[in-house]
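Have a look at the structure below before the remarks.
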Amino acid sequence: MSLLQVRDLHTHFISRNLDNEIRVAKALNGVSFEVSRGEVLGLVGETGAGKSLTAYSVMDLLKPPAKVVGGTVEFDGRNLRDLEAEDMNKLRGSEIAMVVQNPRSSLDPLTRVGEQLIRVHTAHTDTSESAARARAIEKLGAVGIPAPEQRMRAWPHELSGGMAQRVLIAMALMNEPKLIIADEPTTGLDVTVQAQILDLLRELVVTHNVAAMVITHDLGIVAHYCNRMAVMFAGRIVETGDVETVFDNPSHPYTRTLIASTPERLKEGKQKVLGGGAPPNLYNLPPGCHYVERCRFADESCNKPLSLDQVGDGHFAMCTRLDAVREGWPS
Amino acid sequence: MTEPLLRADKLTKHFVTPRTGQTVRAVNGVSFEMFAGQTVGMVGESGSGKSTVGRMVVRLLKPTQGSVTFRGRDIAPLRDRAVRALRSDLQMVFQDPWSALNPRMRVKRIIQEPLLLHSKLSDSERSDRVEEIARSVRLNTDLLTRFPGELSGGQLQRVCIARAIATSPGLIVLDEPTSSLDLSVRAGILDLLQELREETGAAMLFISHDLGTVRLVSDHILVLYLGHIVESGPMAKVFDEPAHPYTQTLLSAHLPADPRTQLHRHLLEGEIPSPIDMPPGCPFSTRCPLVRDECRTALPPMVDIGDGAQRAACIRIREGSNQVPL
Ligand SMILES: Nc1ncnc2c1ncn2[C@@H]1O[C@H](COP(=O)(O)OP(=O)(O)OP(=O)(O)O)[C@@H](O)[C@H]1O
Ligand SMILES: Nc1ncnc2c1ncn2[C@@H]1O[C@H](COP(=O)(O)OP(=O)(O)O)[C@@H](O)[C@H]1O
Ligand code: SF4
Ligand code: SF4
Ligand SMILES: [Mg+2]
Ligand SMILES: [Mg+2]
């Protein structure tokens, strides 16, 4: 049984235009995926695809005009969409923890690091202040911060980007979460620091048996740190499977283009990649496949509703013309 | 031996912070050469001084010390007016195409501005030239009448490149030109740069922290650490047989986008020190796994490796003990 099961999630931005007519931007259009304990799922896709929005929808952290309008989010046997706000608050930061891209902005600049760690813990448990303090020091040590006792007194602005990201991970660990969602956890950090942070994350998944979802643009991170991957395009998962399976056998035309665009494949020089294109208009999405305007294999059949179909062992793709794509793709 | 198009000699830039009066030693005696038609990739962690070097090369920034000889003339001491005359020959493309363009100017105007300043074309000749440039960066000419806000990131970066090549410069500095772009868009831009290099014969200084991209486009590599070049050499040599311990560990931390490549890593601890508190001696000594006492006494000189095309600054190279165990 997966720890987190997301089924057919729909999130819309609902607003009014100048003429007071209702406008709906359909940002998530039936997102389904699951994550189990002990595994890392990589969520990839171009900017605006809906990766962060998926995370915020799962965590119930959307701000108006964004709203989840359909689907289920099952976590550890509960449907999170049925939970009262208060219960959801409890869950967040304890059972599910989130690590975001810009670590400094998610730390309170006016509160010392240690105090922030302690608060996360005491807010969710009945632990004493001193026990929480001991725990905070332990977690800072666990994420590789030297001299953790002294660092407890540091202000957020005194931390480098890498250090701030470690503090955020330490904070995520304060309440022994079952699931960690990391949205671009190393974007903007140097490769040497990136490696330290990702190693830390993987170690947690393995030794603490947590489930992790990593949102990233970087297929190198997916290739070396994730077990499974899900490729997102215009608010849908268009392909998912084991990382090696998807890299060896990308099926959806978008996934194929993405993988062919990596420096490694470009270096092989096998084919010219046809660059991206504009994302579809979320206010007026095509009736069937969202990739239709950028796809060289599109025909009439692509305007029908699609489903994520099995193409191999644990490998699914959302495209009605997989055979034509397989045959016609330049090799 | 052909003369280099550009020779940077002991290029140095120190900033003094206004509030505290501390000295930021951003670039400390950087020397390299660039030849016509060559793409030089410059890599290094953030804060290593890449952008500062790039800006000095095109004289958007005046060096504190050192010289930049471009087409046989030292441009480092030039005054602003003389620099402006050089602009058509020395161009720069920035990381963030959103903020690099004037949002109130149509694309056509943006591309033709450098032509207005630096050439004496008639209106209709200029118009033709703009369309020609737009086509060469594979920008649909329909987009010429649009404003930047109406274009995607990839299209905007094409506009920036179009503006940079409009006056057929001899040298273009590209500072992280693809870092803010999505993978498939990035591939299109890299492809374009490759084509332009063949068409225009311009030399390019390609700055990036993305090792995969640098490897793809560069003939020659410069590795920067704390404002020093610690290694330089032909692309394949530096990537396949990195000599400096920093280059070795940097390359080992890179994640190729292929799950089947085996990683052999030596992970560095800690982070790049601040250029305000430069360590004495070798700039890498605070993190180097091979450090020994004498590394901290003097700045290691660049030494030749093999035939001298590749060079690195580490005292262990001569005795052959410079390999970091991976
Ligand atoms: N207020 C809004 N009204 C309409 N659409 C919106 C609004 N805010 C965000 N969106 C859209 O929602 C979509 C999903 O955004 P999201 O932040 O999840 O993208 P992402 O995949 O995380 O992208 P990135 O890689 O850039 O972080 C985007 O297309 C965005 O333009
Ligand atoms: N105008 C400036 N004033 C003070 N310090 C600066 C200025 N510009 C750059 N620096 C500092 O110089 C160092 C090198 O910066 P930069 O060249 O931007 O590095 P990179 O491009 O490699 O990330 C950094 O420590 C940076 O903070
Ligand atoms: S072939 Fe049709 S269904 Fe498949 S990706 Fe292209 S447009 Fe979509
Ligand atoms: S000189 Fe010393 S500290 Fe510097 S790279 Fe070589 S071994 Fe390391
Ligand atoms: Mg996002
Ligand atoms: Mg820079």
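The values are calculated or read from the model by the stated rules, or taken from the named source; none is laboratory data. As the structure is a prediction and not an experimental result, all values here were calculated from the model. Here the Cβ positions follow ideal geometry from the backbone for every residue, glycine too, while neighbour counts run over all protein chains shown. To get the accessible areas, we keep the full protein, side chains included, count just its heavy atoms, and leave off ligands, DNA and RNA. Shrake-Rupley method; radii C 1.70, N 1.55, O 1.52, S 1.80 Å.
Laid out as a table, the results:
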{"quantity": "Kirkwood estimate for chain A, i.e. one over the average of 1/r between Cα atoms, Å", "calculated": "21.1 Å"}
{"quantity": "The stretch A:44-110 and the stretch A:158-236: distance between their alpha carbon centers, rounded to Å", "calculated": "16 Å"}
{"quantity": "Angstrom value of the Kirkwood radius, inverse mean 1/r, which spans all Cα pairs in the protein assembly as shown", "calculated": "26.9 Å"}
{"quantity": "Two-site FRET efficiency, A:ASP313 against B:ARG104, from Cβ-Cβ distance with R₀ of 41 Å, rounded to 0.05", "calculated": "0.15"}
{"quantity": "Solvent accessible area, Å² - A:LYS178, 1.4 Å probe, full protein context", "calculated": "50 Å²"}
{"quantity": "GNM top mover of B:SER122, B:SER46, B:SER67 - chain B, alpha-carbon springs below 10 Å", "calculated": "B:SER122"}
{"quantity": "Within the stretch A:176-331: Cβ-based charge dipole about Cα centre, in debye rounded to nearest 20 (Lys, Arg +1; Asp, Glu -1)", "calculated": "460 debye"}
{"quantity": "Heavy-atom SASA rank of A:MET174, A:MET98 (probe 1.4 Å, accessible area, largest first)", "calculated": "A:MET98, A:MET174"}
{"quantity": "A:LEU201 accessible area, assembled protein chains, probe 1.4 Å, Å²", "calculated": "10 Å²"}
{"quantity": "Gyration tensor verdict on the stretch A:77-220 (Cα atoms; rounded if a/c is under 1.5, prolate if a/b is larger than b/c, oblate otherwise)", "calculated": "oblate"}
{"quantity": "MRE, 222 nm, helices only [DSSP H, n ≥ 4, -39500 (n - 2.57), over the protein assembly as shown, to nearest 500]", "calculated": "-9000 deg cm²/dmol"}
{"quantity": "Per residue accessible area of the stretch A:140-190, 1.4 Å probe, in Å²", "calculated": "34 Å²"}
{"quantity": "A:THR72/B:ALA236 FRET efficiency (R0 51 Å; Cβ-Cβ; nearest 0.05)", "calculated": "0.45"}
{"quantity": "Chain pair B, A: total accessible area buried, heavy atoms, 1.4 Å probe, Å²", "calculated": "3100 Å²"}
{"quantity": "Relative contact order of chain A, pairs being alpha-carbon contacts under 8 Å that are 6 or more residues apart, as %", "calculated": "21 percent"}
{"quantity": "Accessible-area order (highest first, 1.4 angstrom probe) of the listed residues B:LEU196, A:LEU282", "calculated": "A:LEU282, B:LEU196"}
{"quantity": "Histogram of C-alpha separations across the stretch B:185-257, 5 Å bin width, %", "calculated": "3, 14, 25, 25, 16, 11, 5, 0"}
{"quantity": "For chain B, built as a Gaussian network whose Cα springs stay under 10 Å, the top-fluctuating residue of B:VAL303, B:VAL230, B:VAL58", "calculated": "B:VAL303"}
{"quantity": "Distance from the stretch B:223-237 to the stretch B:32-78 (C-alpha centre basis), Å", "calculated": "14 Å"}
{"quantity": "Set of the stretch A:290-331 residues, backbone N closer than 16 Å to the point 7 Å along the Cα-Cβ line of B:ARG138", "calculated": "A:294-296, A:330"}
{"quantity": "DSSP bridge orientation in the protein assembly as shown - percent antiparallel, rounded to nearest 5", "calculated": "65 percent"}
{"quantity": "Accessible surface of the stretch A:20-84 [probe 1.4 Å, protein heavy atoms]: carbon and sulfur percent", "calculated": "45 percent"}
{"quantity": "Accessible area of the stretch B:86-149 divided out per residue, in Å², using a probe of 1.4 angstrom", "calculated": "57 Å²"}
{"quantity": "Trypsin sites (Lys or Arg not before Pro) restricted to DSSP loop in the stretch B:1-48 with at most 15 other C-beta within 10 Å", "calculated": "B:ARG19"}
{"quantity": "Selection from A:TYR225, A:GLY235, A:LEU189 lying farthest towards where the dipole of the stretch A:188-243 points positive, charges on Cβ", "calculated": "A:GLY235"}
{"quantity": "Nearest-10 value in Å² for the accessible area of A:LYS26, using the 1.4 Å probe", "calculated": "90 Å²"}
